[in-house]
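Participant: Please see the structure below; I have some questions.
The values are calculated or read from the model by the stated rules, or taken from the named source; none is laboratory data. Since the model is a prediction, treat every value here as computed from it, not as a measurement. All Cβ positions, glycine included, derive from the backbone under ideal geometry; neighbour counts span all protein chains shown.
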């Protein structure tokens, strides 16, 4: 190799000095950027997971608030010690701040503080107190909820209780997480608009009802509203033949006019339109009664009182001595001695009412009788109503007694949404 060649090689090597260092720096920079991105993604994912947990806890807090408010509306919670003696909750009271809240509550918002224990007050004007779920609520670590009650229909006070209520519940979780739920609840567990004071559901095959209103002219029947101005037929039927039987049974002319009327199936309450619907209704109310501790396989005695009406579900035969409220019987109903009762009586299944013996009892409200098998697919068969014995008695429609009876079944949730 001559000197010129060696000189060229030397110059080439000199010009390539530092290339490896630059390559290493480039690679290191890329690795550093990738590592930083990984750390950032990992941190973000961790924070997201933590926030998701907090949001889930806030959602569960809101659900707990809904359940607590529903328990109050269902009458399962006693008023707090600060409430006036004898305080009872109604849908009207629930949306009236001075009746819904403790006397010491100055929020001016209907939030059931007369029944729920609010023990945490957050800062900020206009923000209602929260109910603490944990023993010591803290915004960064605790769980809590707030409840507000409103009437979505703006029912006038003169019209009585609202038909529906809306519960707005805010759930609070750790790290400032919040979830808000709306719940619409109906005042009555089921609807019953009486077609007649005494509604006899006829058979599907045309077999006539068994109907006897008693031979004594001291027993009166009336569909004229005892607490209002409405007028219903004294008796109701689902066929003209049954209607004629009901009218002809009134040999002493003790039933007020109109004595009886025929109703097409579509005009009946939903649970009297088909035996399957009736079975579903009975099953639903059985579950409702069990949840309220008002389920009995047999019953004898008083079912509530005028001062304290009760919901009673008897999955069998019932001997009624009197009372007030809502009575559902799946067997046969015996009323010996003409007991007094205010409310709604539904005899669904056994389909037989027997009033026997002397006495001066009065029944104000409404009754319905239907005979069908509680299991299987059988349809309606012939129902029975029988009255015998002396003594004076009155059976008369009373819209207020029916309304109060329906309220005893408890509220029904119509829908829940997150907002």
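Participant: Output the number of the condition that residue 267 fails; it satisfies all remaining conditions of (1) crowded, with 22+ Cβ neighbours inside 10 Å; (2) in contact (Cβ under 8 Å) with a residue 40 or more places away in the chain.
Facilitator: If we test residue 267 against (1) crowded, with 22+ Cβ neighbours inside 10 Å; (2) in contact (Cβ under 8 Å) with a residue 40 or more places away in the chain, just (1) comes out false.
Participant: Can you name every residue in the range 274-295 that is free of Cβ contacts under 8 Å to residues at least 60 places away in the same chain and surrounded by 16 or more Cβ atoms within 10 Å (Cβ to Cβ)?
Facilitator: 286, 289, 294, 295
Participant: Same structure, new question: Anything in the range 85-107 that is assigned to a helix (DSSP H, G or I) and touching a helix residue (DSSP H, G or I) at 6+ places or on another chain (Cβ under 9 Å)? List them, or say none.
Facilitator: Scanning the range 85-107 gives 91, 92, 93, 94, 99, 100.
Participant: Could you say whether any residue in the range 182-202 is within 30 Å of residue 264 (Cα to Cα), exposed (fewer than 15 other Cβ atoms within 10 Å of the Cβ) and within 27 Å of the chain's Cα centre (by Cα)?
Facilitator: Yes, there is a match, as at least one residue in the range 182-202 is within 30 Å of residue 264 (Cα to Cα), exposed (fewer than 15 other Cβ atoms within 10 Å of the Cβ) and within 27 Å of the chain's Cα centre (by Cα).
Participant: Let me ask something else about it. Sort through 289, 241, 237, 267 and tell me the only one that's within 17 Å of residue 196 (Cα to Cα) and touching a strand residue (DSSP E or B) at 6+ places or on another chain (Cβ under 7 Å). Reasoning before the result, please.
Facilitator: Values: 289 fails: within 17 Å of residue 196 (Cα to Cα); 241 fails: touching a strand residue (DSSP E or B) at 6+ places or on another chain (Cβ under 7 Å); 267 fails: touching a strand residue (DSSP E or B) at 6+ places or on another chain (Cβ under 7 Å).
After ruling out the rest, the residue left standing is 237.
Participant: Right, something else. Need the failing condition index for residue 150 against (1) more than 22 Å from residue 116 (Cβ to Cβ); (2) without any contact (Cβ under 8 Å) to a residue 60 or more places away in the chain, just the number.
Facilitator: Going through (1) more than 22 Å from residue 116 (Cβ to Cβ); (2) without any contact (Cβ under 8 Å) to a residue 60 or more places away in the chain one by one, residue 150 breaks only (1).
Participant: Something else: What is the number of the single condition among (1) crowded, with 23+ Cβ neighbours inside 10 Å; (2) under 22 Å from residue 331 (Cα atoms) that residue 246 does not meet?
Facilitator: With (1) crowded, with 23+ Cβ neighbours inside 10 Å; (2) under 22 Å from residue 331 (Cα atoms) applied to residue 246, the lone miss is (2).
Participant: While we're here: Report, by residue number, each residue of the range 136-177 that is under 18 Å from the mean Cα position of the chain (by Cα), within 22 Å of residue 105 (Cβ to Cβ) and assigned to a loop (DSSP other than H, G, I, E, B).
Facilitator: Taking the range 136-177 as the starting set, the residues that turn out to be under 18 Å from the mean Cα position of the chain (by Cα) are 147-153, 161-169.
Cutting the leftovers down to within 22 Å of residue 105 (Cβ to Cβ) gives us 147-151, 161-162, 165-169.
Residues satisfying the conditions are 151, 161, 162.
Participant: When you scan the range 178-245 for strands (runs of 3 or more DSSP E) that lie fully inside it, which ones turn up with 2 or more residues that are at pLDDT 95 or above and closer than 16 Å to residue 384 by Cα? So that I can check it myself, show each step before the final result.
Facilitator: Details: elements: 178-186, 198-200, 210-212, 219-222, 235-237.
Counting at least 2 such residues, we get 198-200, 210-212, 235-237.
Participant: Does the range 281-327 hold any residues that are farther than 22 Å from residue 402 by Cβ and not in a strand (DSSP E or B), and which are they?
Facilitator: Residues satisfying the conditions are 283, 287, 290, 291, 293, 297, 298, 315, 316, 317.
Participant: Residue 338 - would you say it is touching a helix residue (DSSP H, G or I) at 6+ places or on another chain (Cβ under 7 Å), buried (at least 23 other Cβ atoms within 10 Å of the Cβ), touching a residue at least 40 places away in the same chain (Cβ under 8 Å) and over 20 Å from residue 288 (Cα atoms)?
Facilitator: Taking the combined requirement at face value, the residue does not satisfy it.
Participant: If I ask for residues that are in a loop (DSSP other than H, G, I, E, B), touching a strand residue (DSSP E or B) at 6+ places or on another chain (Cβ under 6 Å) and under 27 Å from residue 373 (Cβ atoms), which ones from the range 328-338 would you list? Walk me through it before giving the result.
Facilitator: We begin by selecting, within the range 328-338, every residue in a loop (DSSP other than H, G, I, E, B); these are 330-331, 337-338.
Now drop any that are not touching a strand residue (DSSP E or B) at 6+ places or on another chain (Cβ under 6 Å), which leaves 330, 338.
330, the sole residue that qualifies.
Participant: Moving to a separate point now. Could you tell me which of the residues 316, 322 is in contact with a strand residue (DSSP E or B) (Cβ under 6 Å, 6 or more places away or on another chain) and outside the structural domain of residue 74 (by TED's automatic domain parsing)? Please lay out each step first, then the result.
Facilitator: On the way: 316 fails: in contact with a strand residue (DSSP E or B) (Cβ under 6 Å, 6 or more places away or on another chain).
None of the other options fit; the residue is 322.
Participant: Right, next: Would you mention how many residues in the range 131-156 are touching a helix residue (DSSP H, G or I) at 6+ places or on another chain (Cβ under 7 Å) and surrounded by fewer than 18 Cβ atoms within 10 Å (Cβ to Cβ)?
Facilitator: Adding up the residues that qualify gives 3.
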